[in-house]
Amino acid sequence: MSKPAFTPGPWRTHLVDETLICGNDDGRVVEVAQALDDYETDKGVERITANAHLIAAAPDMYEALLQCREYLKHSLGSTSEVNPYPALDAALAKARGEK
């Protein structure tokens, strides 16, 4: 499994409306993304903020998936009828930009 090239976490939302997502890259605060939508409606602002929080959680979710994969590998082995590995591996690869 390759090492991810994305800006390491944690990422945080910033600005008054929490639409800017920033991370820490070797001690520097860097902009990772900005969530955009229709600022003219309450629903648009609510969606922008929710999207920003989801994006900011991405590095944490990536690490959680890695831990789940390792846990499942040791607890299920290869005898289980349920095979979560393709879905886990696809999500992790997508996060690394491999798919």
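The values are calculated or read from the model by the stated rules, or taken from the named source; none is laboratory data. Predicted model, so just to flag it, every value in this text is computed and none were measured. No Cβ is skipped: glycine too gets one built from the backbone with ideal geometry, and neighbour counts run over all protein chains shown.
The table below gives the values:
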quantity	calculated
Output for the range 45-59, where each listed residue is closer than 15 Å to residue 23 by Cα and touching a Phe, Trp or Tyr at 6+ places or on another chain (Cβ under 8 Å)	55, 56, 57, 58, 59
Candidate set: the range 31-49, residues that are part of a helix (DSSP H, G or I) and among the charged types (D, E, K, R); chosen: the one modelled with the lowest pLDDT	42
Residue, nearest to residue 36 (Cα to Cα), within the range 50-98, restricted to residues that are part of a helix (DSSP H, G or I) and among the acidic types (Asp, Glu)	60
Residues being within 15 Å of residue 6 (Cβ to Cβ) and touching a residue at least 24 places away in the same chain (Cβ under 8 Å) - total across the range 16-40	3
Residue that is farthest from residue 8 (Cα to Cα), among those in the range 57-82 that are of a type in the set (Gly, Ala, Ser) and modelled with pLDDT of 85 or more	64
Whichever residue in the range 1-19 is in a strand (DSSP E or B) and either at pLDDT 80 or above or small (Gly, Ala, Ser) (or both) and, among such residues, is surrounded by the fewest Cβ atoms within 10 Å (Cβ to Cβ)	12
Candidate set: the range 41-88, residues that are in contact (Cβ under 8 Å) with a residue 40 or more places away in the chain and not aromatic (Phe, Trp, Tyr); chosen: the one surrounded by the fewest Cβ atoms within 10 Å (Cβ to Cβ)	60
